[in-house]
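FYI, it's all coordinate maths here, none of it is from the lab. Quantities reported herein were computed from a predicted structural model and do not represent experimental measurements. FYI the Cβ positions are ideal-geometry reconstructions off the backbone, even for glycines, and counts take in every protein chain you see.
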Amino acid sequence: MQDDNIKRRNDAIVAGRLFSGSVQDRETERCHHCGELLHPFPEPEYWMQYPLPTCCVLDGLKFCDDYRKPDCIAAYLVANPTPPEATTPAARRRTKARKSKPQTEDKDARIAALAATLPEDRAGLLAVAADAVAAVHDAVLNRADLVADVAGERYAAAVWKLNGGTFFGCAGDQDAAERVIERHCRATPGVVPMWGQEGDFLASVDGMRVWVEVESGYGGLTTVHFQFHAVDLDGPFISETGYRSHYDHARGGMTVDQVADGVLRALLRSHRRYLDARDQDRLADEPLPAWLAGITPPPRRVRAVVEDWRKPDELPPGFAWVDAVLPAHQAFIARKWAASAKAKLAAARAKAQEPAGQRREPVTPAKPEPEPAKDEDAPAWPATFFPGLRCEVVSVHHPVFAKEIGKHVIITKISPETRQVWAHDDKPPRYRINRNGRKVCEYDPRCIESCYGYDQLRAAI
C-alpha cells in the first residue's frame, strides 16, 4: 500500500501535477480534501517555533503538507490518477528539461513582451509604475494573489524599459531607473504608504512611539523592509540602540501599518529594553525630519547624562565642584546628589534675583500651633507623587517583606483612583561581556516594576 502511494506521487511529479507551495493566508486557506487550515499554528513568538507555512499544490489545488498529513494527497490521487501517457520516458525527459531550463530566461521573455506594450517616454513609464503600485495594494487588501503578481510584473517591465531593456544596474545609484521610479511612487512623509511604496510614518504601540521607515524588500512589491527608530528616547524600545531592522511581506487583507503594528507588538513582548546611555546621547543630537519634529506631543529627545561645566566662582557659598573617578554604583549615587544640589542652586539663585523689598523672610511664631488631627482616609502625599520622583519605602503589607523598608524606588506611573503607584528599584544597570566580546545589559531595574500604595512611600530627599 505504501509503495502504491509512493508510485502515485512520483507519477504526479513527473507529469507536472504535484509540487510544493506556500501558504499565503494562514487564517483562510484550507485543504481542498479535508477542509482543515493549511497552517493550523498561531503566529510564532520566536523564530522556528512552528513548522514553516508550506503546503502541496496538486492540479492547481492546495492540500495539506505531505509530511504533516499525507492522507489528503493520497486520497486525491486515488480518485484522480495520473494518465499512463504522462509517465512515459519522453514525458520524463520533457519534465527534466523543463526543470533544468533557467527561470531567468522565461522571466526576461515575459518582461520584454510586456515592456513592448508600454509607453516609450519617461513620463508614461512613471505613470505605469504608479498605477501598478495602486493595483498591487488593492490586490493585497482583496487577497487576490494572482492580480498582485500581474501588477508586479508590469511594474518590473516599466523599470526594465526605463533602464534601457535590461535589469543590470537598474538600482546602481540614485539616478538609476529603479531609484527614479521609487522616488516617483514614494508616499507623502507622515502618511502610511501602500504596498509597493516607500515612505515613513509614525506608529504607536502601548505608549511607545516609533518612526517607521518603509523600503522595498527582496522579492517584488509585496516584500518590505521596516526600519524602526525610537521617537521618545527616555522610554522603552525594542532595542538598546534605538534602531531595529526587520524584513517582512504582505499579508492578505492587511495594510502596511497593520503589519508593522503586529511586528512591533511581538518584538516588544520579547525584547523590551531602555536605550543605552551613549546611544541615547547620540540620537539626542541627531535632527529629526520636519514632519516628525512637529508632532503633538513633541518627541522627547533628552540626553541620558546632562553635564553642567560652569566655573567654580559661579557657585554660591556652601557649594563646591568635585571632579572624581568613581565605580559605577558610587557614580550613580553621586549623580543623584548632583541632581539634588542643582535643584537647591536653582532655588537659591531665584531667591537672590528677587528685589530686597519683595523677599519674604521666614516668620517664627511665638508659640507653636497644635497640629490638626490627621484624617486616616485621606491619601498620603497626593500632591508630591509624580513620575520620576525618588521615594523611600516606609512600610510593607506583610512582615516577611520587612527587609524592603528603607529601599529607594523611582515612580513611573500613578493611579490616583486606587491610591497606587508603579515604581522600579533605584539601582544602576549591570552589564557583562558576552562570548562575542560585546557589552550587553545583564540587568536593568527599569524593566522590573512593582506596585506600592500611597501610605507605603514617602518622598526621599
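A few points about this structure:
- Its relative contact order, with pairs defined as Cα atoms under 8 Å and 6+ residues apart, puts region 199-293 at 26 percent.
- Computed magnitude of the charge dipole of the chain (debye, nearest 20; Cβ of K, R +1, Cβ of D, E -1): 1060 debye
- Of the DSSP H helices in the chain, those whose Cα atoms cover at least 24 Å axially and whose Kyte score averages 1.0 or more: 122-141
- Relative contact order for the chain, counting Cα pairs under 8 Å that sit 6 or more residues apart, in percent: 7 percent
- Placing +1 on the Cβ of every Lys and Arg and -1 on the Cβ of every Asp and Glu, with nothing else charged, gives region 2-100 a dipole about its Cα centre of roughly 740 debye.
- Furthest towards positive pole of dipole, 445, 164, 397, structure part the chain, Cβ charges: 445
- Listed residue (330, 253, 63) projecting farthest to the positive dipole end of the chain, Cβ model: 330
- Centre separation in Å (Cα based) which lies between region 35-50 and region 247-284: 21 Å
- Look at 195, 211 and count the other Cβ atoms within 10 Å of each Cβ; fewest to most, that gives 211, 195.
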